[in-house]
Amino acid sequence: MNSNKQFAIFIMGVSGVGKSTIGKLLADQLSIPFFDGDDYHPEANKKKMANGHPLNDDDRYDWLLNLNRLANDQIANTSCVIACSALKESYRELLKKGIETNIKWVLLHGTFDQVLERIQQRTSHFMPTSLLKSQFDTLEEPIEALKINIRETPQKITTFIVNELQKKSEFGIIGLGVMGKSLARNLASHNFTLSMFNRHVAKLEENIAEDFKNEHSELSKTLAFDDLTKFVNSLQSPRKIMLMVNAGKPVDAVVKSLIPLLSKDDVIIDGGNSHYKKTQERIDLLNNHQIHFIGAGVSGGEQGALKGPSIMPGGNADAYKLIQPYLESIAAKNKHNQPCCTYIGSGGSGHFIKMVHNGIEYAEMQLLAEAYFILQNAGKNPDEIADILESWSTAASSYLLEITISILRKKEEGGWLIDNILDTSGNKGTGNWTTIATAELGMPSTMIPASLFARYISAFKTERIEMNEVYSTDRNNIFLIDEGELLNAYQLARIVNHHQGFKLLSQASNTYDWNLNLSKIAGIWTNGCIIRSTLMEELIDLLKNDDNILLNSTIVLQVKALRSSLNRVVSQAVLHEITIPCLSEATNFLNGYSTANSSANIIQAQRDFFGAHTYQRVDDASGTFYHTNWEE
Ligand code: 6PG
């Protein structure tokens with residue numbers, strides 16, 4: 001085999017396709033042991049079949065467990081070939097238990113008449129021909145299998161299988177930028193055989209894949225290409241290809257050039273920050289070619305991609321099975337050693353939740369920036385601010401808090417690096433998309449736009465300087481801040497931010513029929529990704545039954561305890577003209593969301609006044625719409 005790893009190769013298919021013949025030939029050629037699954041049937045099963053009765057799931061249960069034990073025992077030392085009909089998905093689940101990344105399925109298939117003819121020629125087999133139909137009826141073809149038609153000679157079929165398994169790679173990566181390279185190294189260090197492709201652009205991108213391969217010992221067995229056709233042909237069928245190219249046109253360009261090279265059931269995974277609606281379009285386009293497209297959000301930056309990112313794959317559920325062992329092996333692990341990667345839902349759901357992840361990330365970053373700014377205005381230097389943030393680490397532990405402390409402590413000649421970083425923040429668009437999505441879906445996830453617009457305001461550096469000259473006030477009165485209150489305010493604002501983010505997911509799930517599991521999503525965001533935190537860990541349970549965490553009894557107690565601090569911090573900052581758009585949005589949202597009788601009656605009356613848009617009445621529960629001639 002083309003790796004150090006041991007594999008159990010299951011030769012499967014209905015009775016009569018030649019599983020044993022080909023299994024034996026294959027095992028001989030690979031010099032590994034062969035086992036015939038039929039030999040592991042209990043006598044009762046053999047008798048039942050000989051009497052013309054098909055086996056049911058209960059009959060097969062112990063048999064499948066026996067074969068799973070056999071496969072587990074074998075691959076502890078050596079690869080092996082096992083011939084086994086493995087007709088149903090549920091059977092294969094049992095067969096591969098515990099060895100999910102060490103299994104290869106080879107499906108031998110032919111028409112009913114082809115197989116019938118073969119069976120009629122056999123005399124010694126216990127399977128009567130009458131059972132053949134039931135076998136065909138039961139067969140659920142596995143998407144992940146290498147499928148081979150039995151019309152070829154056993155020798156040719158065997159040579160084909162050997163060639164696929166020994167000379168070809170299990171997984172392909174296109175695009176060797178920072179994230180693509182890290183994911184490639186991560187896959188290779190998990191012992192997956194890999195083909196890597198990077199385009200050739202004269203004088204700009206030459207020999208990228210080959211050079212990269214030579215830089216890292218773990219890549220010594222990978223295959224490196226700058227020719228797309230050769231790359232595609234180097235992959236085992238059905239092919240699994242992960243795109244790590246820039247979102248937008250580059251994805252379309254690669255997809256377009258891949259289409260003529262791919263075959264039915266191949267899978268393309270887009271691991272970039274693509275827009276969820278584009279992902280749906282690409283799914284539809286590739287569906288016409290019987291090729292699967294999975295939109296997978298990947299979070300964690302370069303280090304995450306290398307050591308374990310959080311992965312959010314969405315698209316066709318069957319296609320996910322094909323790539324599941326790869327993605328779940330390379331993903332970060334949560335506290336219970338479960339992968340931070342799970343099937344999210346159909347369509348563009350994976351990219352949608354990655355987009356919302358980034359939206360939450362924007363607000364989490366902005367809240368820390370605001371805490372820093374408040375403390376800076378209170379006269380603290382970066383080291384002192386870092387000390388204060390460090391003292392928050394037990395109460396509000398998160399990856400972003402951790403890195404902010406390190407950032408604040410970073411020195412360069414003459415002072416702190418942070419003091420020399422220009423205060424205009426960039427963005428790559430996902431915060432913008434989340435803002436549009438929350439508006440489109442009618443959801444008040446207001447902290448994400450607040451943090452996005454804070455970035456936009458920061459970009460107007462020249463105007464800010466001009467404005468400052470005109471509007472800056474003498475701040476004679478010293479700004480004092482209670483650090484405990486600031487921590488309280490920060491914690492409450494984070495709760496509101498997470499509430500808004502998950503509510504947005506919940507609404508999208510209803511609108512697009514994604515059936516998202518919010519608790520599971522919180523689970524895969526507890527490690528590997530940028531917004532991992534202890535709060536996220538707590539949300540796993542809180543989101544099990546309700547999407548409104550602000551009504552959860554534990555959170556209610558926290559909100560009640562923290563709210564006055566948030567109000568005071570926001571008021572003090574506003575009185576001192578210190579910009580805190582996200583903290584103040586948290587308090588405004590809480591106020592609005594918990595106001596039973598709001599001022600929207602005025603809005604309705606105004607709408608009806610100038611546009612006859614009608615209104616409903618509090619004294620009419622039927623929901624009837626009224627119009628008033630206001631100027632009569
Ligand atoms: C992640 C990050 C990553 C990246 C985003 C945000 O989850 O690993 O979110 O995807 O940092 O592109 O970038 P901007 O702040 O530039 O929009």
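The values are calculated or read from the model by the stated rules, or taken from the named source; none is laboratory data. Here the structure is a predicted model, which is why all the values come from computation and not from measurement. Here Cβ is always computed from backbone atoms with ideal geometry, including for glycine, and neighbour counts include all displayed protein chains. The accessibility values were calculated without ligands, DNA or RNA, using every heavy atom of the protein model including side chains. Shrake-Rupley method; radii C 1.70, N 1.55, O 1.52, S 1.80 Å.
Considering only the Cα atoms of segment 1-74, their convex hull presents on average a projected area of 5.7 nm². Close amide H partners of residue 224, meaning residues 5 or more places away or on another chain with modelled amide H under 5 Å apart, are 196. Computed over all pairs of different Cα atoms, the Kirkwood value for the hydrodynamic radius of segment 107-227 is 17.9 Å.
Averaged over residues, the count of other Cβ atoms within 10 Å places the peptides 89-102, 293-306 in the sequence 293-306, 89-102, highest first. The residues packed around residue 173, meaning those with a beta-carbon under 11 Å from its beta-carbon, carry a net charge of +3 if Lys and Arg are +1 and Asp and Glu are -1.
Entry comment: accessible area of segment 391-521 is 54 Å² per residue, from protein heavy atoms only and a probe of 1.4 Å. When you restrict to C-alpha pairs under 8 Å that are six or more residues apart and normalise by the size of the chain, the relative contact order lands at 10 percent. Note on residue 593: accessible area is roughly 100 Å² with a 1.4 Å probe, heavy atoms of protein only. The Rg/Rh ratio for segment 489-610 is 1.04, where Rg is the radius of gyration of the alpha carbons and Rh is the Kirkwood radius.
Backbone phi angles across segment 496-505, fed through the Karplus curve with coefficients 6.51, -1.76 and 1.60 (θ = phi - 60°), yield HN-Hα couplings of 5, 4, 5, 4, 5, x, 6, 5, 5, 4 Hz in residue order; Gly and Pro are listed as x. Close amide H partners of residue 80, meaning residues 5 or more places away or on another chain with modelled amide H under 5 Å apart, are 7, 8, 9. How many percent of the alpha carbon pairs in segment 526-584 exceed a separation of 13 Å? Percent of Cα pairs beyond 13 Å in segment 526-584: 70. Only the Cβ atoms of Lys and Arg (+1) and of Asp and Glu (-1) were treated as charged; on that basis the dipole of the chain about its Cα centre amounts to roughly 2020 debye. Accessible surface ranking for 619, 227, 1.4 angstrom probe, highest first: 619, 227. Solvent exposure of segment 193-343, expressed per residue, is 43 Å² of accessible area, with all protein chains present and a 1.4 angstrom probe. Each part gets one Cα centre, and for segment 414-476 versus segment 241-286 those centres are 33 Å apart.
Expressed as a whole percent, the accessible area of the chain that falls on carbon and sulfur atoms is 50 (1.4 Å probe). Other residues whose C-beta falls under 14 angstrom from the C-beta of residue 589 contribute a net charge of +2, scoring Lys and Arg +1 and Asp and Glu -1. Contact order, relative form, for segment 453-606: 27 percent (alpha carbon pairs under 8 Å, 6 or more residues apart, mean separation divided by residue count).
With R₀ fixed at 51 Å, the C-beta to C-beta distance from residue 76 to residue 466 puts the FRET efficiency at about 0.10. Once the Cα atoms are used to define both axes, helix 382-391 deviates from the longest principal axis of the chain by about 60 degrees. In this structure the amide hydrogen of residue 294, modeled in the peptide plane, comes within under 5 Å of the amide hydrogens of 268, 269, 270, none closer than 5 places in sequence on its chain.
Here the mean projected area of the convex hull built on the C-alpha positions of segment 295-443 is 11.5 nm². DSSP loop (so not H, G, I, E, B), at most 11 other Cβ within 10 Å: list which trypsin sites (Lys or Arg not before Pro) in segment 286-338 pass both filters. Hits after loop and neighbour filter: 335.
In order along segment 343-353, phi translates into HN-Hα couplings of 5, 8, x, 7, x, x, 4, x, 6, 5, 6 Hz, rounded to whole numbers, per the Karplus curve 6.51 cos²θ - 1.76 cosθ + 1.60 with θ = phi - 60° and x for Gly and Pro. Excluding ligands, DNA and RNA, the accessible surface per residue across segment 68-135 is 45 Å² with a 1.4 Å probe. A simple rule links phi to the HN-Hα coupling: the Karplus curve 6.51 cos²θ - 1.76 cosθ + 1.60 with θ = phi - 60°, which for segment 437-445 gives 5, 5, 5, 4, 8, x, 10, x, 8 Hz, with x for Gly and Pro.
Counting only protein chain heavy atoms and rolling a 1.4 Å probe, the accessible areas of 625, 479, 453 rank, largest first, as 625, 453, 479.
Label separation (residue 36 vs residue 457): 7.8 nm, computed from points 7 Å beyond Cα along the C-beta direction. How much accessible surface area, in Å² rounded to 10, belongs to the heavy atoms of residue 587 with a 1.4 Å probe? Only protein atoms counted, so the area is about 10 Å². Between 0 and 90 degrees, the angle of helix 249-258 with respect to the longest Cα principal axis of the chain falls at about 10 degrees.
Per residue, the convex hull spanned by the Cα atoms of segment 220-311 amounts to 109 cubic angstrom. With the cut-off at 18 Å, report for segment 1-152 the share of all Cα pairs above it, as a whole percent. Looking at segment 1-152, the distances longer than 18 Å represent 56 percent of pairs. When every Cα-Cα distance of the chain is counted in 10 angstrom steps from zero, the calculated P(r) takes the values 3, 14, 21, 20, 17, 12, 8, 5, 1, 0, 0 percent.
When both bridge partners sit in segment 171-300, DSSP labels roughly 5% of those beta bridges antiparallel. Per residue, the average separation of C-alpha pairs within less than 8 Å and at least 6 apart gives segment 1-136 a relative contact order of 45 percent.
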